[in-house]
Amino acid sequence: QLHSSLGTQGVAQLHVRVADWHAQNDLLLEAIYHASAAADEERIERFIEQIYRELVSRGEQSWLRSWTNKVSREQVYCRPWLCIYEAYSHAWFGELDEAERLLEQAEKQIRSEPSIQEVQSMQGHLYYIKSRVIAMRGDLPRAIELCLEARQYIPDNNLALQFDSQITLGYEYYLLGDFDHAGQTLNEMIRSGMAAGAVLNTVAAACLMARLYAVQGRLRQSYEMYRLAEQTIPQKGGEHRGARALVEVGLADVYYEWNDLGAALAHLEQGLDLMPWWGKADDFALTYLTLGRIRLAQANLSGALEAVEIANQAIQTNGVFCEATRAVELARVKLWLARGDLAAANRWAASQKERLRSDGQFGFDNELAHIALARVYLAQARPTKASALLAQLEAQARSAGRMGRALEITLLQALALKGSGDSKGAHLALITCLKQAEPEGYVRIFLDEGRPVQTLLVEWLVHSDGGSLRDFAGHLLSQFETTPQVSVALQAKASPIGDAAASTGQVLIEPLSQRELEVLHILATGRTNQEIARQLVVSPGTIKAHTASIYRKLDVANRTEAVARARKLGILP
């Protein structure tokens, strides 16, 4: 009816008026729709530019897809800005081929652009998007060159892209293993972002910095950086959901390492709910890897396999950076070994011979794959071969400051040396791990290795002198999912002369709980109930209840008797 009464031109004018009204009321998606219906290319481009910057600054890249169907391919291909904006959307979601096609179209159109200033701005966008695509293709040095070049062309007033490119540059340095430049770039971004009130950019940079700290073995600094990111996000309102997702998943990783599985799962579930607003396949995959680790720690092997398979599908169907690819690779190998599928692990190792040939060059990009290969060697009962590989990996990781990676490598080296019959070397490697892990609160890295590390800890405790490391080792033993009777048996077996108390056959009728074992180990150091409560972040009343239960189960009247009885039973070293 409108066409019959107003005609084609009249209907188009009506759409323009409606589009302007929606734009004035910040309803830009609706404005784009009506501008498209009117075939008003100038308005389409203007509205898309406005919503592009707005959505990118809020981290809601998933909404960028909402306007792609509003504009025909012909309109997109003939307008360089539209090509650039849509290319950014495709690059973000890992659709690299389509992103490159759009960038080619943009470059063709730029040549006819009369404004030099406009051309430079477009080139800044182009180089930045190309940098992301090339980084995901695996050429990190070239990606860094392009990102640096892009930053020379990006207008000063385009803070969103200035900040985006700085974060990407920091991440590319990180992936290359250049932690000095990565840390400098990301910390500068955090300061600039906080000063400008750029919530998403500040949070993204802080979360990357937290991941860098974790690789360096600075777990407590990683936690503090995630908390800084969390405090940056306004508590009121439903915006910045993508930023919240990054923080929640990051905190889950730290709590996992501290063996607080309840807190880890709570944060991870919140992160999973929010992750669709972030939309980046890399972080989606890394989130499901963390879920897989938690499920495996809960003895839910099938659930862990399911989570890791979801992560694997994400990296197979989308272009991602190498961090996610390597992390998924390691997780799959660990799960194959956990379920006893050595054949699958062997097939993977055989397929990696060319890529992982031992030529003495162990870059950061292949470090996780080499760790996975060492695990396969251990499973194949080839400890000498594993030890040789791990020695090279450890030297490289420590020289580069990747102490978090070095901790895992050295712990595997302890197991390899033990398997080779070198108990002294194994104990020295274990001591190195304990010294590094204690200040940062690492627990899960020991527990995840299961009985071999548990046995090694008991053996070392039998032969070691006193000291804080003994307390920490005892604390670790209390966290293993085994009964005190198992620890007694292990200790008796480890002692070359047979510990008399451990060999008496005395066992508890009612075993101590994991928390009671933890309280008992701390209690043995002489700390008061108030001090234990502060250390475990619980109330003194809770500790009092735990000690009462400990006394009852050990059939003693006070802490002195409890410690003596526990040592006699082999519960305490």
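Bear in mind that the values in this text are calculations on the coordinates, not laboratory data. The structure presented is a predicted model; accordingly, all values stated were derived computationally and were not measured. Note: ideal-geometry Cβ built from the backbone for every residue, glycine included; neighbour counts use all protein chains shown.
Place +1 on the Cβ of every Lys and Arg and -1 on the Cβ of every Asp and Glu in the chain, take the dipole about the Cα centre, and give the residue among Ala331, Ile310, Thr232 whose Cα lies farthest towards its positive end.
So the residue we want is Ala331.
Which length gain, in nm to one decimal place, applies between Glu41 and Thr317 when the Cα-Cα distance is subtracted from 0.36 nm times their residue separation? Intermediate values should be presented prior to the final figure.
Numbers: separation 276, 0.36 × 276 = 99.36 nm, distance 3.34 nm.
Extra length available between Glu41 and Thr317 comes to 96.0 nm.
Arrange the following residues from fewest to most other Cβ atoms within 10 Å of their Cβ: Thr232, Thr410.
On the way: Thr232 21, Thr410 24.
In increasing order of surrounding Cβ atoms, one gets Thr232, Thr410.
To make sure I understand the rule: partners must be lysines, Cα under 17 Å from the Cα of Lys353, and not fewer than 8 residues away in the same chain. Which ones qualify?
Correct list for Lys353: Lys385.
Taking the beta-carbon count within 10 Å as an exposure proxy, list Met403, Met136, Met189 from fewest neighbours to most. The partial results should precede the final answer.
Numbers: Met403 17, Met136 23, Met189 26.
Least to most surrounded, the residues fall as Met403, Met136, Met189.
Charges on Cβ only, +1 for Lys and Arg, -1 for Asp and Glu, centred on the Cα centroid of the chain; of Ala135, Gly170, Ile409, which one is farthest towards the dipole's positive end?
Ile409
May I ask for the angle, rounded to the nearest 10°, between helix 403-419 and the longest principal axis of the chain, with both axes built from Cα atoms and the value confined to 0 to 90°?
So the helix axis and the longest Cα principal axis differ by about 40 degrees.
What distance in nm lies between label points placed 7 Å from Cα along the C-beta direction at Asp26 and Leu148?
It works out to 4.0 nm between the two label points.
Where nothing but the Cβ of Lys and Arg (+1) and of Asp and Glu (-1) is charged, how large is the charge dipole of region 320-431 around its Cα centre, in debye to the nearest 20? Before the final figure, lay out the partial values.
Details: 16 positive and 10 negative charges, 51 e Å.
About 240 debye.
Return one number: the angle in degrees, 0 to 90 and rounded to the nearest 10, between the long axis of the Cα atoms of helix 540-554 and the longest principal axis of the Cα atoms of the chain.
With rounding to tens, the tilt is 40 degrees.
Give the angle, between 0 and 90 degrees and rounded to the nearest 10, that separates the Cα long axis of helix 484-494 from the longest principal axis of the Cα atoms of the chain.
70 degrees
Run the helix sum for the chain: -39,500 (n - 2.57) per DSSP H stretch of 4+ residues, divided by residue count, reported at 222 nm to the nearest 500 deg cm²/dmol. Display every interim value, and only then the final one.
On the way: 30 runs with 432 residues, N = 573.
So the helix-based figure for the chain works out to -24500 deg cm²/dmol.
So for the chain, averaging the separation of alpha carbon pairs under 8 Å that are six or more residues apart and normalising by length, what relative contact order in percent results?
Numbers: 775 pairs, mean separation 45.9, N = 573.
Relative contact order of the chain: 8 percent.
So which of Lys418/Lys553; Lys424/Lys544; Lys280/Lys334 end up more than 31 Å apart by C-alpha? Each step should come with its number before you reach the end.
On the way: Lys418/Lys553 35 Å; Lys424/Lys544 40 Å; Lys280/Lys334 25 Å.
Distance filter (> 31 Å) returns Lys418/Lys553; Lys424/Lys544.
Please get the size of the charge dipole for the chain, origin at its Cα centre, with Cβ charges of +1 on Lys and Arg and -1 on Asp and Glu, quoted in debye to the nearest 20.
Values: 59 positive and 67 negative charges, 409 e Å.
It comes to approximately 1960 debye.
List, largest first, the extents of the alpha carbons of the chain along their principal axes, each in whole Å.
Extents along the principal axes: 101, 56, 41 Å.
Please tell me the relative contact order of region 79-203 in percent, rounded to the nearest whole number, where contacts are Cα pairs under 8 Å and at least six residues apart. Show your work: numbers first, answer last.
Numbers: 145 pairs, mean separation 21.1, N = 125.
With pairs under 8 Å counted, the relative contact order is 17 percent.
Rule-of-thumb check for region 134-185: C-alpha Rg over 2.2 N^0.38 Å?
Relative to the 2.2 N^0.38 Å estimate, region 134-185 comes out at 1.09.
Arrange the following residues from fewest to most other Cβ atoms within 10 Å of their Cβ: Lys334, Lys544, Lys280.
Values: Lys334 20, Lys544 13, Lys280 23.
Ordered by Cβ neighbours within 10 Å, fewest first: Lys544, Lys334, Lys280.
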